[in-house]
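The values are calculated or read from the model by the stated rules, or taken from the named source; none is laboratory data. Since the structure is predicted, the reported quantities are computational estimates derived from the model, not experimental observations. Cβ placement follows ideal geometry from the backbone for every residue including glycine, while neighbour counts extend to all protein chains displayed. Calculation scope for accessible area: heavy atoms of the full protein, side chains included, ligands and nucleic acids excluded. Shrake-Rupley method; radii C 1.70, N 1.55, O 1.52, S 1.80 Å.
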Amino acid sequence: MASKSKNKGVSPSRQEDFPAWFQAVVREGEVAELAHVRGSMVIRPWGYAIWELMQAELDRQIKRSGASNAYFPLFIPLSYIESEAEHVEGFAKEMAVVTHHRLEEDPENPGHLRPGGKLAEPLIVRPTSETIIGRSFAKWINSYRDLPLMVNQWANVVRWEMRPRVLLRTTEFLWQEGHTAFATESEARANAEQMLEVYRDFAESFLAMPVLTGEKPEEERFPGAVVTLSIEAMMQDGKALQAGTSHYLGQSFAEAAEINFLDREGERSLVHTASWGVSTRLLGALIMSHSDDIGLRLPPTVAPQQVVIVPIPRGEEGPAVLEAAEELAREIGGLSFEGIPIRVSADLRDREPPDKRWEWTRKGVPLVLELGPRDLKEGVVALRQRDIGDAKPESLERDKLGSAIPSLLAEIQASYHDAAEDRLEARTRLDVSGPDEFREFFDTDPSDASAGGFLRAPWSEAPESAQLLDEMKVTVRCLPFDQKLAPDSRCVLTGKPAVTEAVFAKAY
RNA sequence: CGGGGAGUGGCGCAGUCUGGUAGCGCACUCGGCUGGGGGCCGAGCGGUCGCAGGUUCAAAUCCUGUCUCCCCGACCA
């Protein structure tokens, strides 16, 4: 296709239409696609491989924190959910409800089936598992000696969203949910804080995605939580994306499920619980953080293939080139990055070399090596580095690959991280003093991906600011942990005395 | 749930107003020519036009009903 060769990369560009660009990168990068079931997605092998790499690392961190993996039911009896009032209220509008357990011939519509066998009590498909895990906790916890109890599950959950968006907000998604129970409030709070720190570090060092940490304001809290903490990342269009959360749940879930224990004094007490999770949304965050107008860009840590060798088997030397490509893959596979053998393959498929190279470029592979007869003769390979975009390949001597490849991967990892960090800093405004400036900062052309960002300012938490924020479609992302509130500060929105420093942004 | 839009080969679309028995691009297959930045030429495979009913000599096209998906709003990891 002639237009294809001129028009490099995905269409539209980030500048033209950021949401459409995101969809295009996800599609062209073979990460995921919407299924023909409303709001549901198929995570394709390439995207799932990225998720598996995230999972593997997080799973290690979670286990290091003391939690163990377990699995709890997909179906939750309606009565369990009902037992925690705020929780019901928060999730009631997005529940998938199972009311029947059988299909039968529909007498009014021959050849079709209809639900039969009405359930005595409807089951809801878990939107999260606090209530059902609570029942198990109640059984398992009898004494202070049974505490703390920390479990984690990798599972799918369902929230019947009104407006699905692939990878960011789908009806069904995959996640990890940790649930913990402690004898004391301070331990439970500390656990929520500790796990948020795990997420922060994971996002920053593994996903090359620096994040803000803080506490959610009351209106953004998880239904039923006393405290919700989150990590917030900034996407390339300046919007915020909540990339992970942890909650101190107080004793309300313990009360609902009757999770109590005999303490050292022989007194019966309720446990304090916490929960924490990250989801496949991280895939979306990763893409919106690092990808460019050519397509996906993956930090080496989460690249299913870190190096791909594309042979250019021209003429009589063809077979020798293919052989050399395989040999090169073996050689590079013997190297390691961050203590793990480098994930490398030689792409020997029967396709045109430029097609293959573009495919790997689009899919975000950090390093693509091209090997043709000329290189073979000269003892070099042509190297393309994904972080520097669409540049000409660099010729690299073969015997220097051993030292070059790991350090190039490290360089790419760092460059993605630094770019994301620079963006976060450059687009966080600290000097906005009143509502007019505030409005101006957020009143940007939605097609302008370089406008807007985070705004950090004193806040009064006054109810009338909620309405202003609502109008502007701006939310309080968090009350950052590193509070820098000067004494006698005034609220940026209302001019009333400020009680906290807040980070404001438009959000996904 | 309210307001818009759309269902036609694997994907993206035209054709519908003005009925005449289905077409284009990409992908795929085969052959040839090519060959270090998304190849070229030629020949092919592939669709009961979302579903049901109706009007008509004749329906992708008109009518009725129905299902689904997409976009915008209220909700959210």
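Taking helices (runs of 4 or more DSSP H) that fall entirely within segment A:391-482, which contain at least 2 residues that are closer than 29 Å to A:Glu193 by Cα and within 16 Å of RNA strand B (Cβ to nearest atom)?
Answer list for segment A:391-482: A:463-472.
Restricting attention to segment A:377-390, report how many residues are assigned to a helix (DSSP H, G or I) and under 13 Å from A:Trp358 (Cα atoms).
Qualifying residue count for the region: 1.
Would you call A:Glu16 open to solvent by 80 Å² or more (accessible area, probe 1.4 Å) and assigned to a loop (DSSP other than H, G, I, E, B)?
Judged against the criteria, A:Glu16 is a match.
Could you list, in sequence order, the residues of segment A:358-371 that are within 23 Å of A:Gly315 (Cα to Cα) and surrounded by fewer than 22 Cβ atoms within 10 Å (Cβ to Cβ)?
Within segment A:358-371, A:Trp358, A:Glu370 meet the criteria.
Anything in segment A:358-383 that is closer than 12 Å to A:Asp347 by Cβ and in contact with a Ser or Thr (Cβ under 8 Å, 6 or more places away or on another chain)? List them, or say none.
Within segment A:358-383, A:Val368 is the sole residue that qualifies.
Restricting the first residue to segment A:160-185 and requiring it to be within 28 Å of A:Phe137 (Cα to Cα), which pairs with a second residue that is within 7 Å of RNA strand B (Cβ to nearest atom) and of a type in the set (Ser, Thr, Tyr) meet a Cβ separation below 7 Å and a spacing of at least six or different chains?
A:Trp160/A:Thr171; A:Phe173/A:Ser279; A:Phe173/A:Thr280; A:Leu174/A:Ser279; A:Leu174/A:Thr280; A:Trp175/A:Ser279; A:Trp175/A:Thr280
For segment A:321-357, what are the residues that are among the basic types (Lys, Arg), loosely packed, with under 14 Cβ neighbours inside 10 Å and at pLDDT 95 or above?
A:Arg330
Please tell me if A:Gly266 is within 16 Å of RNA strand B (Cβ to nearest atom) and either out of contact with any Cys (no Cβ under 7 Å at 6 or more places or on another chain) or more than 28 Å from A:Glu86 (Cβ to Cβ) (or both).
The answer is no for A:Gly266.
Only residues that are touching a helix residue (DSSP H, G or I) at 6+ places or on another chain (Cβ under 9 Å) and either part of a helix (DSSP H, G or I) or modelled with pLDDT of 90 or more (or both): list them for segment A:84-106, please.
Scanning segment A:84-106 gives A:Ala85, A:Glu86, A:His87, A:Val88, A:Phe91, A:Ala92.
State which residue is farthest from the chain's Cα centre (by Cα) when the search covers only segment A:483-502 and only residues that are part of a loop (DSSP other than H, G, I, E, B) and in contact (Cβ under 8 Å) with a residue 60 or more places away in the chain.
Per the stated criteria, the residue is A:Gly495.
Please verify whether segment A:298-318 includes one or more residues that are assigned to a helix (DSSP H, G or I), small (Gly, Ala, Ser) and either buried (at least 21 other Cβ atoms within 10 Å of the Cβ) or out of contact with any Pro (no Cβ under 9 Å at 6 or more places or on another chain) (or both).
Scanning segment A:298-318, I find no residue that is assigned to a helix (DSSP H, G or I), small (Gly, Ala, Ser) and either buried (at least 21 other Cβ atoms within 10 Å of the Cβ) or out of contact with any Pro (no Cβ under 9 Å at 6 or more places or on another chain) (or both), so the answer is no.
Results for (1) within 23 Å of A:Ile287 (Cα to Cα); (2) assigned by TED's automatic domain parsing to the domain that holds A:Met235; (3) within 12 Å of RNA strand B (Cβ to nearest atom); (4) open to solvent by less than 20 Å² (accessible area, probe 1.4 Å), shown as yes or no for each residue.
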position: A:Val25; (1), (2), (3), (4): yes, yes, yes, yes
position: A:Glu57; (1), (2), (3), (4): yes, yes, no, no
position: A:Leu74; (1), (2), (3), (4): no, yes, no, no
position: A:Ser79; (1), (2), (3), (4): no, yes, no, no
position: A:Glu82; (1), (2), (3), (4): no, yes, no, no
position: A:Val88; (1), (2), (3), (4): no, yes, no, no
position: A:Glu105; (1), (2), (3), (4): no, yes, no, no
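Within segment A:167-184, can you find the residues that are closer than 23 Å to A:Glu232 by Cβ and near RNA strand B (Cβ under 8 Å from one of its atoms)?
Matches in segment A:167-184: A:Leu167, A:Leu168, A:Arg169, A:Thr170, A:Phe173, A:Trp175.
Has segment A:363-376 got at least one residue that is in contact with a Lys or Arg (Cβ under 8 Å, 6 or more places away or on another chain), assigned to a helix (DSSP H, G or I) and under 23 Å from A:Trp46 (Cβ atoms)?
no
Can you tell me which residues in segment A:60-72 are open to solvent by 70 Å² or more (accessible area, probe 1.4 Å) and assigned to a loop (DSSP other than H, G, I, E, B)?
Passing the criteria: only A:Tyr71.
Go through segment A:466-482 residue by residue and tally those that are in contact with a strand residue (DSSP E or B) (Cβ under 7 Å, 6 or more places away or on another chain) and either surrounded by 15 or more Cβ atoms within 10 Å (Cβ to Cβ) or without any contact (Cβ under 8 Å) to a residue 24 or more places away in the chain (or both).
Of the residues in that region, 8 qualify.
Picking from A:Gly29, A:Gly39, A:Gly9, A:Gly47, which residue would you name as being crowded, with 16+ Cβ neighbours inside 10 Å, outside the structural domain of A:Lys356 (by TED's automatic domain parsing) and touching a Lys or Arg at 6+ places or on another chain (Cβ under 6 Å)?
A:Gly29
Inside segment A:189-210, can you point out the residues that are hydrophobic (A, V, I, L, M, F, W, C) and open to solvent by less than 20 Å² (accessible area, probe 1.4 Å)?
Selection gives A:Ala192, A:Met195, A:Leu196, A:Phe202, A:Ala203, A:Leu207, A:Ala208, A:Met209.
Only one of these is closer than 27 Å to A:Ser345 by Cβ, out of contact with any Gly (no Cβ under 7 Å at 6 or more places or on another chain), within 14 Å of RNA strand B (Cβ to nearest atom) and outside the structural domain of A:Leu383 (by TED's automatic domain parsing): A:Leu296, A:Leu286, A:Leu212. Name it.
That would be A:Leu286, the only listed residue that is closer than 27 Å to A:Ser345 by Cβ, out of contact with any Gly (no Cβ under 7 Å at 6 or more places or on another chain), within 14 Å of RNA strand B (Cβ to nearest atom) and outside the structural domain of A:Leu383 (by TED's automatic domain parsing).
Would you confirm whether or not segment A:318-331 contains a residue that is within 29 Å of A:Met234 (Cα to Cα), in contact (Cβ under 8 Å) with a residue 12 or more places away in the chain and within 33 Å of the chain's Cα centre (by Cα)?
No - not one qualifying residue is present in segment A:318-331.
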